[in-house]
Amino acid sequence: NKYAYTFASWLVRAQYSYKGRYMVSASIRGDGSSRFAPNTRWGYFPAASVGWRMSDENFLRNVKWLDDLKLRASVGQTGNAQIGNSEYLALYGMTNTDLGNGLTSQVYPSQIANNDLGWEKNTQYNIGLDVSLWRGTLGFTADYYYSKTTDMLFELATPIESGYTTIFTNIGDMVNRGLEIELNADLIRTKNLVWDFSLNMTHYKNKVTHLPEQFKN
C-alpha cells in the first residue's frame with residue numbers, strides 16, 4: 001500500500017500598538033487539506049484581538065505599587081482535519097467468494113463517497129486580565145473563555161441494508177466554557193535563597209448542543 005497526504009497553509013496578519021498602551025491585532029489563515037473533497041478542501045479562519053494597558057493611563061500612572069494592569073479580549077477560529085487520508089472517497093475492497101467451483105476473487109464497494117466532508121471548526125472568545133504588583137513580587141492572571149465547535153467530524157453508522165457500516169461526516173455541535181486563574185508570588189529572593197509560590201485554578205463545563213438522533217439513545 002502507498003499513501004500520500006498534502007497540507008498547505010497561508011497566513012496574513014496585521015498588528016498595531018500605540019505607545020504600548022492600545023494594541024490591536026487581526027489575522028486570517030487559510031488551510032488546505034487533501035483529506036477533504038476538492039470543493040471543501042480549503043478552510044478560512046479569522047482572528048482578532050485588542051489589548052489595553054490601563055496602568056499607562058494618567059489616572060493610574062502615579063500608583064507606585066502597580067507595575068502593570070492590562071485588559072485584553074480576543075476571538076478566533078481554528079480548523080481540524082484529523083481524519084483518515086481517504087474518508088471522502090468511494091473505496092472498493094476485494095474478497096474471495098465460493099461460487100461452487102472454487103474461490104473467486106471479487107471487488108465490492110467498501111466505503112460511501114461524501115463530497116461534502118469538510119473542516120471541523122472551533123470558534124473561541126476570550127477575555128483576560130493581567131496584573132503585576134510591587135515590582136513583580138505578586139502577579140495575577142485571569143481568563144474567561146467561551147468556545148464552540150461546529151461541524152464535528154464523526155464516523156456515523158449507516159443502515160445495515162445499505163451494505164455499508166459507517167460513513168465519515170460533519171455532524172454535531174459542542175460548547176466549552178471556563179475560567180482560568182493563576183497567581184504567582186516571590187516570597188523570598190536573595191543571593192542564596194529563592195522561594196516562589198504559584199497557584200492555578202481551572203473551572204470549565206462542556207455541553208454537547210446538537211447530535212443526530214441515533215447518538216441520543
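The values are calculated or read from the model by the stated rules, or taken from the named source; none is laboratory data. Predicted model only: the values in this text are computed from it and were never measured. FYI the Cβ positions are ideal-geometry reconstructions off the backbone, even for glycines, and counts take in every protein chain you see. All accessible areas refer to the heavy atoms of the entire protein, side chains included, with ligands and DNA or RNA removed. Shrake-Rupley method; radii C 1.70, N 1.55, O 1.52, S 1.80 Å.
Summary table below
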read-out: Span from the the range 116-158 Cα centroid across to the the range 37-83 one, whole angstrom; value: 11
read-out: Accessible surface of residue 11 - all protein chains present, 1.4 Å probe, nearest 10 Å²; value: 110
read-out: Local electrostatic count at residue 57 - Lys and Arg +1, Asp and Glu -1, tallied over other residues with Cβ under 13 Å; value: +3
read-out: Highest-first arrangement of 174-186, 100-112, where packing means the average Cβ count within 10 Å; value: 174-186, 100-112
read-out: Low-density loop positions, chymotrypsin sites (Phe, Trp or Tyr not before Pro), the range 71-155 - DSSP coil, at most 13 other Cβ in 10 Å; value: 134
read-out: FRET efficiency, residue 183 to residue 26 (Cβ-Cβ, R0 30 Å, nearest 0.05); value: 0.45
read-out: Per principal axis, descending, Cα span of the range 1-45 in whole Å; value: 58, 21, 10
read-out: P(r) tail fraction, the range 24-82 - alpha-carbon pairs more than 20 Å apart, %; value: 53
read-out: Compactness of the range 119-217, expressed as Rg and Dmax over alpha-carbon positions, Å; value: 22.7, 76
read-out: Hits among lysines - C-alpha to C-alpha of residue 148 under 27 Å, sequence gap 8 or more where chains match; value: 70, 121, 205, 207, 216
read-out: The range 1-117: Cα Rg divided by the 2.2 N^0.38 Å rule of thumb; value: 2.02
read-out: Charge tally in the Cβ shell below 10 Å around residue 71, where Lys, Arg are +1 and Asp, Glu are -1, residue 71 excluded; value: +2
read-out: Inverse of mean 1/r across different Cα pairs in the range 55-201, Kirkwood, Å; value: 21.1
read-out: Gyration tensor over alpha-carbon atoms, the range 143-186, equivalent ellipsoid semi-axes in Å; value: 42, 10, 6
read-out: Solvent-accessible heavy-atom area per residue, rounded to whole Å², over the chain at 1.4 Å; value: 68
